[in-house]
Amino acid sequence: MKLEGGQISTSGLSFLLICYIFGSTIIIIPGREAEHNIWLAYIAGMTEGLVFAFIYTTLAQRFPQKTLIEINDLIYGPILGKLISLSYILYFLQLTALILRDFGDFFRGVLMPETPLVVFILFSALLGASAVRNGIEVIARCSIIIGPLAIVTSILVTLMLLPQMKITNILPIGDIPLKDFIKASHTVASVPFGETIAFLMVFAFMEKEKVKNIRKLTLLTIILGSIFLLINIFQTACTLGKIAPITLYPTFTAIRLINIGDVFTRLEALVIFAFLGLGFLKLTVSYYGATLGMAQILKLRSYLPLVLPLGVIIVVTSILHFENTIENIVWTSDIYPYYSIPFQIGIPLLSLLIAMVRKLPKQKTGSKQQQK
Amino acid sequence: MYIILLFLGFGGIVLFEAPGLIYQKYWRELIFFFLFLGLAFTLSLLAVIGIKLPSPAEITEKIVTFFLKPLSNLF
């Protein structure tokens with residue numbers, strides 16, 4: 001019995017990817033050490049992210065309809081492959097815990113400060129669990145609705161902030177030491193773009209005829225999503241200027257400034273709905289990756305019984321990680337970009353090189369078909 | 001007080017999932033379900049009682065700073 005019978009359409013995959021990239025980036029804005037040069041850091045980080053996506057999609061196209069766990073089994077053999085897959089599952093669990101924590105911190109800090117953190121995390125995890133139980137096809141179809149909503153909201157916000165934007169806040173351009181710039185751009189590349197490694201669990205469920213389009217589709221989608229993200233980052237940098245690195249949630253602080261004719265003020269609540277949808281999708285995809293991966297390692301016939309127990313583990317881990325929001329932000333800027341290097345670049349690159357050298361996957365028929 | 005809620009919650013999860021698995025005779029899945037549930041129960045019980053568990057963030061911080069210290073001397 002197949003673990004997952006659903007199939008994703010091309011539009012489902014694109015919107016899922018866009019929502020995933022937008023997800024927590026729009027809230028916590030990684031890479032803010034670059035101060036007013038944050039938009040330059042984002043352009044550099046996006047280029048690095050495209051390299052990541054190139055590696056992941058080449059792996060996905062080389063092993064069509066196989067998830068990350070099965071790819072590891074094929075490349076590294078049964079024992080080492082299972083070990084690496086297990087570490088990836090733990091990474092995905094931690095990723096989901098971090099996403100939940102980011103959103104819990106945001107809603108608690110901004111909307112309801114008196115509510116205990118565990119309430120936000122518990123209910124978001126419950127929602128995510130119900131989505132994961134329904135399968136990836138439902139999640140992709142959800143993103144087709146939530147994605148355009150979020151994009152339209154962010155563009156509307158940018159248009160409404162035009163009176164408050166001052167281009168001079170960007171200047172001077174490029175007065176940042178190279179070391180800091182590289183660190184900031186690598187943070188940008190690791191938080192939204194490197195985490196698309198979770199999509200290696202999702203690519204396997206594309207319709208079979210569309211497998212050839214995965215790379216082109218993914219790269220185009222990432223470029224498109226990055227352009228929207230860049231517009232938002234530019235807007236935040238122009239509006240806030242020097243204050244941006246000090247604020248906890250720069251985009252939110254910028255939205256507070258919207259004031260059109262004294263009528264359109266206090267619009268934060270409207271935008272929070274869009275962000276909530278994005279966060280939900282991001283957490284669902286990584287939650288799904290972790291659950292499906294665990295079920296594939298243990299060779300179960302269905303991943304459904306694992307959803308709720310893993311959900312509880314994720315909630316507990318999420319609360320265990322940090323004491324407060326500041327630790328969260330500092331850890332994500334300083335430690336996470338280096339800690340995620342083996343998972344996001346190291347092992348996938350190694351897998352791709354080994355697959356190319358060993359000419360995997362081996363064709364059963366006599367003719368040699370070079371899969372590009 | 002929270003422990004009662006915890007027991008209720010986990011009882012609810014078992015009531016939700018276990019009958020379906022038993023009816024379908026998915027014994028392997030049932031075993032792993034209770035295994036993970038036991039792990040989750042232990043972790044959440046320790047967290048609710050108040051015993052301080054090691055935070056994964058601290059562990060990764062120690063590992064990363066251990067590796068990065070010699071490199072930071074280069075710059």
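Every read-out reported here was derived from the displayed coordinates using simple, explicitly stated rules and does not represent laboratory data. This is a predicted model, so every value here is computed, not measured. Cβ placement follows ideal geometry from the backbone for every residue including glycine, while neighbour counts extend to all protein chains displayed.
A few comments on the model shown:
- For A:MET206, the amide hydrogen comes within under 5 Å of the amide hydrogens of A:ILE8, counting only partners 5 or more places away or on other chains and with H modelled in the peptide plane.
- Two tests apply to each whole DSSP H helix in chain B, Cα reach of 24 Å or more along its axis and mean Kyte-Doolittle hydropathy of at least 1.0, and the ones passing both are B:2-24, B:27-49.
- Between A:VAL263 and A:LEU349, the modelled labels are 5.5 nm apart [label points 7 Å from Cα along Cα→Cβ].
- C-alpha center-to-center spacing [segment A:272-309, segment B:1-50] in angstrom: 18 Å
- Annotation: for a label point projected 7 angstrom from Cα along Cα→Cβ of A:LYS359, residues of segment A:62-77 with backbone N closer than 18 Å are A:62-63, A:75.
- Here the mean projected area of the convex hull built on the C-alpha positions of segment A:247-372 is 13.7 nm².
- Per residue, the convex hull spanned by the alpha carbons of segment A:155-308 comes to 175 Å³.
- For segment A:204-287, the residue among A:SER286, A:ALA237, A:THR251 whose Cα projects farthest onto the positive side of the dipole built from Cβ charges is A:SER286.
- Projecting label points 7 angstrom from Cα along Cα→Cβ for B:ILE4 and A:LEU86 puts them 4.0 nm apart.
- Kirkwood's formula applied to the C-alpha pairs of chain B gives a hydrodynamic radius of 15.7 angstrom.
- Radius, Kirkwood style, for segment A:1-98 when every pair of distinct Cα atoms is counted (Å): 16.3 Å
- In this label model, A:LYS210 and B:VAL14 are separated by 4.3 nm, measuring between points 7 Å along each Cα→Cβ vector.
- Simple point charges give the picture: +1 on the Cβ of Lys and Arg, -1 on the Cβ of Asp and Glu, and for segment A:10-349 a dipole about the Cα centre of about 840 debye.
- Helical segments meeting 24 Å axial Cα length and Kyte-Doolittle -1.0 threshold in chain A (DSSP H): A:38-62, A:78-110, A:117-134, A:136-160, A:214-240, A:268-297, A:304-321
- Using the Cβ-Cβ distance between B:ILE22 and A:LEU111 with R0 = 35 Å, the FRET efficiency computed as 1/(1 + (r/R0)^6) comes to roughly 0.25.
- Farthest towards the positive end of the charge dipole of segment B:2-72, among the residues B:ILE22, B:PRO70, B:LEU39, is the Cα of B:PRO70, using unit charges on the Cβ of Lys, Arg, Asp and Glu.
- Mean projected area (nm²) of the alpha-carbon convex hull when chain A is viewed from all directions: 18.6 nm²
- Each of A:GLN61, A:LEU90, A:PHE106 was scored by the projection of its Cα onto the charge dipole of segment A:32-151, and the greatest displacement toward the positive side belongs to A:GLN61; charges sit on the C-beta of Lys, Arg, Asp and Glu.
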